[in-house]
1. Given the convex hull over the Cα atoms of the stretch 51-109, what projected area results after averaging over all orientations, in nm²?
2. Go ahead and collect, in residue order, the members of the stretch 1-40 whose backbone nitrogen is under 11 Å from a label point 7 Å along the Cα-Cβ direction of Ser123.
3. List the residues whose amide H sits under 5 Å from the amide H of Val46, counting only those 5 or more places along or on another chain, with H placed 1.01 Å from N in the peptide plane.
4. In Å², and per residue, what accessible area does the stretch 1-67 have when probed at 1.4 Å with the other protein chains present?
5. Considering only protein heavy atoms and a probe of 1.4 Å, how much of the accessible area of the chain is carbon and sulfur, as a whole percent?
Amino acid sequence: QLQAFGGGLVQAGDSLRLSCAASGRSFETYAIGWFRQAPGQERDIVAAITWNGGNTYYADSVKGRFTISRDNAKNTVFLQMNSLKPEDTAVYYCAAYMSRFGLPRTLSGQYNYWGQGTQVTVSS
């Protein structure tokens, strides 16, 4: 089970850190992705990280501003979001799939487990 939290209302240029907490065992065998979905739009990948943090992926729109990381000892993945823009406004979801191989997956259909989402609103 995944639970995403840390969203909120901020101004453009501010920072937020989202957390994705997982319950259960074997968290270290799962790759984790952050997705976001704005009203009327599809759910798109934001960032992803492999089981050991050895490989990460970032959407072009967030490169250089967002950082994904994980603490397997705490069963938690983080998404540090800096220099937020109004276009970052969306519901953010964390998701997981079990794998210790390959690069992070980027399609929502490749993820098996989803958290409930947390709203991020960036005002201009």
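1. Numbers: hull surface 19.2 nm².
So the mean shadow area of the Cα hull is 4.8 nm².
2. 9-12
3. Placed amide hydrogens put Trp34, Phe35, Arg36 under 5 Å from Val46.
4. On the way: 3550 Å² over 67 residues.
That works out to 53 Å² for each residue.
5. Numbers: 2980 of 6470 Å².
The computed percentage sits at 46.
The values are calculated or read from the model by the stated rules, or taken from the named source; none is laboratory data. Because the structure is a prediction, the values reported are computed rather than measured. No Cβ is skipped: glycine too gets one built from the backbone with ideal geometry, and neighbour counts run over all protein chains shown. With ligands, DNA and RNA removed, areas are computed over all heavy atoms of the protein, side chains included. Shrake-Rupley method; radii C 1.70, N 1.55, O 1.52, S 1.80 Å.
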